[in-house]
1. Restricting to segment 101-135, count the residues that are within 16 Å of the ligand (Cβ to nearest atom), in contact with a helix residue (DSSP H, G or I) (Cβ under 9 Å, 6 or more places away or on another chain) and within 20 Å of Lys246 (Cα to Cα).
2. Looking only at segment 224-237, which residues are in a helix (DSSP H, G or I) and within 11 Å of the ligand (Cβ to nearest atom)?
3. Just for segment 136-153: of the residues that are of a type in the set (A, V, I, L, M, F, W, C), more than 6 Å from the ligand (Cβ to nearest atom) and part of a loop (DSSP other than H, G, I, E, B), which one is farthest from Lys109 (Cα to Cα)?
4. Among the residues of segment 71-116, write down those that are modelled with pLDDT under 95 and surrounded by 23 or more Cβ atoms within 10 Å (Cβ to Cβ).
5. Of Val12, Val24, Val32, which residue is over 12 Å from Leu74 (Cβ atoms), crowded, with 19+ Cβ neighbours inside 10 Å, of a type in the set (A, V, I, L, M) and assigned by TED's automatic domain parsing to the domain that holds Thr77?
6. Out of Glu64, Glu91, I need the residue that is of a type outside the set (A, V, I, L, M, F, W, C), within 15 Å of the ligand (Cβ to nearest atom) and more than 16 Å from Pro148 (Cβ to Cβ). Which one?
7. Before we move on, is Ser190 away from the ligand (no atom under 11 Å from the Cβ) and either aliphatic (A, V, I, L, M) or part of a helix (DSSP H, G or I) (or both)?
8. Would you please list the contacts, defined by Cβ atoms under 6 Å and residues six or more apart or on different chains, that run from a residue in segment 52-65 that is on the phi < 0 side of the Ramachandran plot to a residue that is among the small types (Gly, Ala, Ser)?
Amino acid sequence: MTSQKITRVGIVGAGQMGAGIAEVCARAQADVLVYESTRDLLSAGRARILSSLDRGVSSGKLTERERDQAADRLTFTSDLNDFADRQLVCEAVVEDEAVKTAIFTDLDKIVDDPHAVLASNTSSIAIMKLATATQSAARVIGLHFFNPVPVLPLVELVTTPVTAPEVTARAETFAHDVLGKQVIRSADRSGFVVNALLVPYLLSAIRMVESRFSTVEDIDRAMMLGCAHPMGPLKLADLVGLDTVKAIADKMHEEFDEPLYAPPPLLVQMVTSGRLGKKAGHGFYEYERVLAGKR
Ligand code: 3HC
């Protein structure tokens with residue numbers, strides 16, 4: 001039944017994006033099954049979601065009862081075969097094409113419902129590449145959320161020429177009507193709309209630091225005070241994760257062959273040395289690490 005309401009959701013990956021997507025789905029009354037490959041990653045993911053739900057209570061957005069009900073709707077597994085009965089699966093693992101295509105090949109075999117939505121939260125890998133890793137490309141779609149997922153209202157919806165119209169309709173209805181997100185459409189081009197605009201801006205800010213044009217703090221203050229951005233580009237790069245910024249830039253550079261998208265040496269060095277941003281405890285700024293096993 002294609003028009004059946006989506007109530008059983010699966011999230012693959014419980015890093016910052018997967019955890020955020022799982023949280024908003026659970027808060028929207030869905031039964032959410034979260035997959036991570038190891039027990040340690042699963043328990044870090046669970047802690048990440050619970051701590052964000054607690055934050056919802058302390059900021060007055062959730063009652064304690066709503067937090068507990070959302071937590072009760074979440075279950076965790078390290079066996080992808082448990083996704084057989086899911087009506088919508090959203091993959092949110094590391095931005096690596098080989099890892100993502102392998103997951104789509106597996107999900108395609110595991111998820112029974114021929115009308116299930118198999119979505120990816122990728123920001124730079126072609127949805128068509130993920131679709132062709134399956135035997136049922138019509139089920140595959142891009143649903144790209146923004147960090148922090150509980151706060152930012154946008155979802156980019158990305159179809160391929162072979163995505164089934166009913167899969168598109170189900171995915172859009174779920175994102176808009178169930179999760180309460182605003183949906184925009186993008187072509188299946190690396191970066192979609194937001195990152196195609198955002199990533200060159202972040203890379204330009206990193207090049208400014210590299211060339212000692214200004215300091216990290218002043219560049220961020222400039223964009224906050226001069227353009228009313230909620231955070232400056234270097235703090236935002238730290239929030240996104242410098243490894244993720246680099247991975248997206250690499251993919252966009254590969255697709256468009258534009259120097260604008262080439263990761264600057266400073267970014268490459270920071271990633272190589274493990275300065276991955278907020279999740280690692282340090283990037284352009286220093287952070288307190290809250291959760292063990294954060295990725
Ligand atoms: N989870 C849940 N709620 C959160 C949160 C989180 N991780 N982080 C912040 N919030 C909530 C707070 O509870 C607070 O709610 P309230 O106003 O009801 O009290 C509200 O958001 C504001 O938070 P703070 O007061 O702590 O801090 P700020 O006012 O500085 O806001 C921010 C923090 C929401 C992160 C804001 O700075 C912001 O929106 N920054 C821009 C983020 C952005 O551009 N994200 C997109 C990145 S690109 C991306 O994700 C795509 C990917 O493919 C790369």
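1. Here is the first cut: in segment 101-135, the ones within 16 Å of the ligand (Cβ to nearest atom) are 119-127, 130.
Pick out the ones that are also in contact with a helix residue (DSSP H, G or I) (Cβ under 9 Å, 6 or more places away or on another chain) and you get 119-126, 130.
Then keep just the ones that are within 20 Å of Lys246 (Cα to Cα); that gives 120-126.
Count: 7.
2. First pass over segment 224-237, keeping only residues in a helix (DSSP H, G or I): 224-227, 233-237.
Residues satisfying the conditions are Met224, Pro233, Lys235, Leu236, Ala237.
3. Applying the first criterion (of a type in the set (A, V, I, L, M, F, W, C)) to segment 136-153 yields 137-138, 140-141, 143, 145-146, 149, 151-152.
Next cut, more than 6 Å from the ligand (Cβ to nearest atom) only: 137-138, 140-141, 143, 145, 149.
Those left that are additionally part of a loop (DSSP other than H, G, I, E, B): 145, 149.
Working: Phe145: 25, Val149: 29 Å.
Only one residue tops the list, namely Val149.
4. Those that are modelled with pLDDT under 95 and surrounded by 23 or more Cβ atoms within 10 Å (Cβ to Cβ): none in segment 71-116.
5. Values: Val24 fails: over 12 Å from Leu74 (Cβ atoms); Val32 fails: over 12 Å from Leu74 (Cβ atoms).
It is Val12.
6. Values: Glu64 fails: within 15 Å of the ligand (Cβ to nearest atom).
On inspection, the qualifying residue turns out to be Glu91.
7. Values: away from the ligand (no atom under 11 Å from the Cβ): yes; either aliphatic (A, V, I, L, M) or part of a helix (DSSP H, G or I) (or both): no.
Taking the combined requirement at face value, the residue does not satisfy it.
8. Pairs found: Leu53/Ala70; Leu62/Gly56.
The values are calculated or read from the model by the stated rules, or taken from the named source; none is laboratory data. As the structure is a computational prediction, the values presented were derived from the model and not from experiment. Every residue, glycine among them, receives a Cβ derived from its backbone with ideal geometry; neighbour counts consider all protein chains shown.
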